[in-house]
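I have placed the structure first, in the form of structure tokens, so that the comments after it can refer back to it.
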Amino acid sequence: MIPAFTDSAARRRFDAYFSEVDRLLARAGADAAELRGDLEAHVADSMAAAPGGSEGERLDAALSRLGRPIDYLRPLLADELIERGTRSYSPVTIARGLSHAVLAGSRRAGIGFAFGLGYLLLAIFTAMALLKPLWGEHVGVFRNADGTISAGIVAQSDGARELLGWWSIPIALLLAALLYVALTRGLRALRQRR
């Protein structure tokens, strides 16, 4: 619901604000019509509730209460992208949703950071499986000469004994697949609890 503006400067500020909203929604692939409609209704109600003043002043007050479009939309975009990503198991969509969640606030940042670390670990397991045939003497689980154990992609593996051999490829792929399913289901469950 767009307010009926009589002041052309107020109408331009309104249009500029909502062109930024449209740009953010289009970039995220979100349901633009519904979110934009909610924001327009909020601005119109806020302008109607504002005491006196010119149309431009009431619009400025309404927009300042709402805040920048990215501040208001980031949590909504994070939720939408994570929901879409967990339905499709799309790592790119999940990563975009997590990045919005991290930037949206402290609780969301903690959750987004934890899931981001999980997906980073998943990427490491995948990289191990892909790099083992190319760089086998540096990828796997190693027992060092001093008795310590190193795992992953190890640059300094001279003098260490590789413990798993070629078994590290299927083990790394299995761990990556299990972690991916667990993280994606965890995100889905977290979203359904809210």
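Of the accessible area of the chain, computed with a 1.4 Å probe over protein heavy atoms only, carbon and sulfur atoms account for 62 percent.
Sorting Ser150, Ser88, Ser157 by accessible area puts them as Ser88, Ser150, Ser157; the probe is 1.4 Å, largest comes first, and only protein heavy atoms count. Axis angle, to the nearest 10 degrees, between helix 91-104 and the longest C-alpha principal axis of the chain: 60 degrees.
Among 38-44, 165-171, the peptide with the highest mean count of other Cβ atoms within 10 Å heads the list, and the full ranking is 38-44, 165-171. Distance from the Cα centre of the stretch 62-92 to that of the stretch 147-194, in angstrom? When both Cα centres are located, 30 Å separates them. Between Ala26 and Leu120, the modelled labels are 3.4 nm apart [label points 7 Å from Cα along Cα→Cβ]. In the chain, the DSSP-assigned H stretches of four residues or longer account for a calculated mean residue ellipticity at 222 nm of -24000 deg cm²/dmol, using -39500 (n - 2.57) per stretch and the full residue count as denominator. The coefficient of translational diffusion for the stretch 1-159, derived via Stokes-Einstein from the alpha carbon Kirkwood radius under 37 °C and 0.692 mPa s, stands at 170 µm²/s. Spin-label model, Ile171/Ala61: points 7 Å from Cα along the beta carbon direction are separated by 6.7 nm. Taking a ≥ b ≥ c as the square roots of the eigenvalues of the Cα gyration tensor, the stretch 72-153 is classed as prolate, since a/c reaches at least 1.5 and a/b is larger than b/c.
The values are calculated or read from the model by the stated rules, or taken from the named source; none is laboratory data. Note that this is a predicted model, so its numbers are computed, not measured. When we count neighbours, we look across all protein chains shown, and the Cβ atoms used for this are built from the backbone with ideal geometry, even at glycine. Accessible surface is based on the protein model in full, side chains and every heavy atom, while ligands, DNA and RNA are left aside. Shrake-Rupley method; radii C 1.70, N 1.55, O 1.52, S 1.80 Å.
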